[in-house]
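Down below is the structure, laid out as structure tokens.
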Amino acid sequence: NVREDLRLQYRYLDLRNEKLHKTILLRSAIMKSVRREMDALGFTEIQTPILANSSPEGARDYLVPSRLHAGKFYALPQAPQQFKQLLMCSGFNRYYQIAPCFRDEDPRADRAPGEFYQLDLEMSFATQEDVFEVIETVIPKIYKEHTTARVDEGPFIRIPYNEAMEKYGIDKPDLRNPLVIKDATDLFTNTEFNAFKDKTIKVIVVKGGAEQGRKFFDSMEEFAKNETGAKGLAWVKIDEENNLTGGISKFVTDEIKTEIGANAGDAIFFIADEFKMAQKIAGLIRIELGKRLDLIEKNVYKFCWIVDFPMYEYNEDEEKVDFNHNPFSMPQGGLEALNEKDPLDILAYQYDLVCNGYEVASGAVRNHDPEIMCKAFEIAGYTEEDVKNRFGALYTAFQYGTPPHAGCAPGLDRMVMLIAGTENIREVIAFPKNKKARDVMMNAPSKVTEEQLKDVHIAVTEEEDEE
């Protein structure tokens with residue numbers, strides 16, 4: 001019960017605590033289960049390199065300077081993406097490994113800084129459906145083996161990305177929460193309420209919510225302003241006589257109440273902002289209402305697939321079209337879609353597995369055709385020469401005939417976190433980094449000697465004071 005940094009500094013003593021000790025043993029047991037299930041399905045475990053090349057996976061790389069090749073760097077792999085695709089070119093039709101991955105990302109409670117492990121798998125001659133079948137076979141078995149809670153059986157619910165954003169305001173919805181977001185923009189076209197004019201309007205109807213007092217509504221408005229970036233949070237109640245009361249009731253008609261499916265005893269929350277911001281705020285309000293009103297279903301693991309992700313997004317900072325998710329994914333519609341469609345309208349064969357509000361796996365049908373690959377990267381601003389230089393092995397391998405292939409990568413740390421029933425991912429890792437991505441036990445990262453720097457042709461030009 002002491003501060004976390006002290007626990008991490010003396011982690012070898014902290015690991016003696018019964019709960020933490022059992023969690024690390026649980027992690028070991030889950031890894032054994034993973035290997036058993038994957039072996040039973042005919043997958044071959046193969047290790048891929050740790051010293052690799054830099055690749056645009058969406059996060060910053062950890063770079064490793066080369067002693068033998070001055071001025072050149074290895075990168076620790078954000079994922080074994082290219083290597084596992086090359087294995088598909090090599091005739092290993094079902095590959096897996098419990099793979100270490102490295103991303104220089106900011107820490108979060110559900111994401112370990114720096115390094116994490118995932119069940120990495122890839123299959124040749126496979127479609128999206130084949131990957132789903134494997135995951136829906138393996139994942140429920142592992143959860144059931146190591147927990148007493150109810151576990152969703154496959155096939156899991158499938159939700160297109162755009163639908164998830166509309167209904168839940170997030171692409172990793174917690175389906176234990178019964179609240180759903182509805183769009184009411186058209187219902188307020190001629191509103192006299194200035195805060196709603198020319199805005200996207202999202203509403204959340206809370207069944208039985210009218211019984212909450214004014215303090216609850218004020219606290220939700222305070223949460224919206226302080227935690228979501230909202231300018232405010234409008235609301236109304238519907239009393240037992242079916243009359244609208246409180247909040248902005250004078251701007252809400254009976255027609256609007258009927259259209260959004262609100263009844264006597266309900267409360268309605270309104271979010272008004274530009275489209276994307278309205279979705280985001282509504283999603284955060286939905287999550288907070290679920291927690292505060294104790295609406296989250298207990299003792300259950302609910303899974304869903306988020307499918308049909310956009311292939312591209314517009315990068316506001318660089319004012320260019322960029323990959324939205326995984327650059328190695330196959331666009332829906334193939335080369336024809338890349339040539340003829342607006343890039344922002346192209347969907348990809350990409351999918352995420354979500355469990356209880358956490359993204360627990362991500363995957364895609366891979367782009368295995370060099371012509372489609374070059375065109376896909378061209379749209380994101382890469383020339384064919386860039387593709388050859390950055391992904392030369394893949395580009396060349398694809399010239400020799402490549403089977404269509406697809407894969408997925410469930411996160412091991414997050415799987416253990418969910419099964420162990422903790423919200424802090426550091427509790428399922430034997431020797432984790434702290435919230436600032438430091439190893440306070442081993443004092444890493446740390447300074448190195450001038451001789452070491454000289455060996456790898458590095459000069460430190462500016463040093464910041466230690467915090």
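Quick look at the numbers
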item	result
Cβ crowding within 10 Å averaged over residues, with 285-297, 256-268 ranked highest first	256-268, 285-297
The range 262-418 shape via C-alpha gyration tensor axes, a/c threshold 1.5	prolate
Listed peptides 235-242, 94-101, 425-432 by packing density, highest first (mean Cβ within 10 Å)	94-101, 425-432, 235-242
Flagged links, alpha-carbon separation over 18 Å, of LYS144/LYS302; LYS197/LYS276; LYS167/LYS280; LYS215/LYS257	LYS215/LYS257
Percent of Cα pairs exceeding the 19 Å cut-off, where the set is the range 145-244	61 percent
3J(HN,Hα) from dihedral phi, the range 6-15, Karplus parametrisation 6.51/-1.76/1.60, rounded to Hz, x for glycine, proline	5, 4, 6, 5, 10, 4, 4, 8, 4, 5
Mean separation of Cα contacts under 8 Å (6+ apart) over length of the chain, as relative contact order %	20 percent
Furthest towards positive pole of dipole, PHE391, PRO432, MET417, structure part the range 382-467, Cβ charges	MET417
Scattering profile of the range 130-173 at q = 0.15, 0.28, 0.30, 0.31 Å⁻¹ [log10 I(q)/I(0), Debye over alpha-carbon scatterers]	-0.50, -0.91, -0.94, -0.96
Given charges at Cβ of Lys, Arg, Asp, Glu: the chain dipole, positive-most of ALA234, ILE30, SER90	ILE30
Dipole moment magnitude, nearest 20 debye, the chain about Cα centre, only Lys, Arg, Asp, Glu C-beta charged	1760 debye
Å² per residue, accessible surface of the chain at 1.4 Å	51 Å²
Mean ellipticity per residue at 222 nm, deg cm²/dmol - from DSSP H runs of n ≥ 4 across the chain, formula -39500 (n - 2.57)	-9500 deg cm²/dmol
Semi-axis lengths, Å, the range 315-363, gyration tensor of Cα atoms, sqrt of 5 times eigenvalues	23, 16, 8
Rg and Dmax of the chain, Cα atoms only, in Å	25.0, 81
All-pairs alpha carbon distance profile, the range 76-137, 5 Å steps from 0, percent	4, 16, 21, 21, 17, 12, 8, 1
HN-Hα J in Hz across the range 446-458 - Karplus 6.51, -1.76, 1.60, θ = phi - 60°, x for Gly and Pro	9, 6, 10, 6, 4, 5, 4, 5, 4, 4, 9, 6, 10
Translational D in µm²/s for the range 196-285 (Stokes-Einstein at 20 °C, 1.002 mPa s, Kirkwood Rh from C-alpha pairs)	163 µm²/s
Per residue Cα convex hull volume in Å³ - calculated over the range 26-177	165 Å³
Separation between Cα centres of the range 141-169 and the range 183-206, rounded to whole Å	31 Å
Calculated FRET efficiency for the pair ASN299/LEU15, C-beta based, R₀ 45 Å, to 0.05	0.95
Table column - 3J(HN,Hα) (Hz), the range 116-122, Karplus curve with 6.51, -1.76, 1.60, x for Gly and Pro	7, 10, 9, 7, 8, 9, 8
Charge-dipole axis of the chain as Lys and Arg at +1 and Asp and Glu at -1 on Cβ define it, positive-most pick from ALA52, ALA337, ASN162	ALA52
Kirkwood Rh and Cα Rg combined as Rg over Rh, evaluated for the range 338-467	1.10
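The values are calculated or read from the model by the stated rules, or taken from the named source; none is laboratory data. Predicted, not measured: the structure shown is a model, and the values here were computed from it. Glycine gets a Cβ as well: all are built from the backbone with ideal geometry, and neighbour counts include every protein chain shown. The area values use the complete protein model at the heavy-atom level, side chains included, leaving out ligands, DNA and RNA. Shrake-Rupley method; radii C 1.70, N 1.55, O 1.52, S 1.80 Å.
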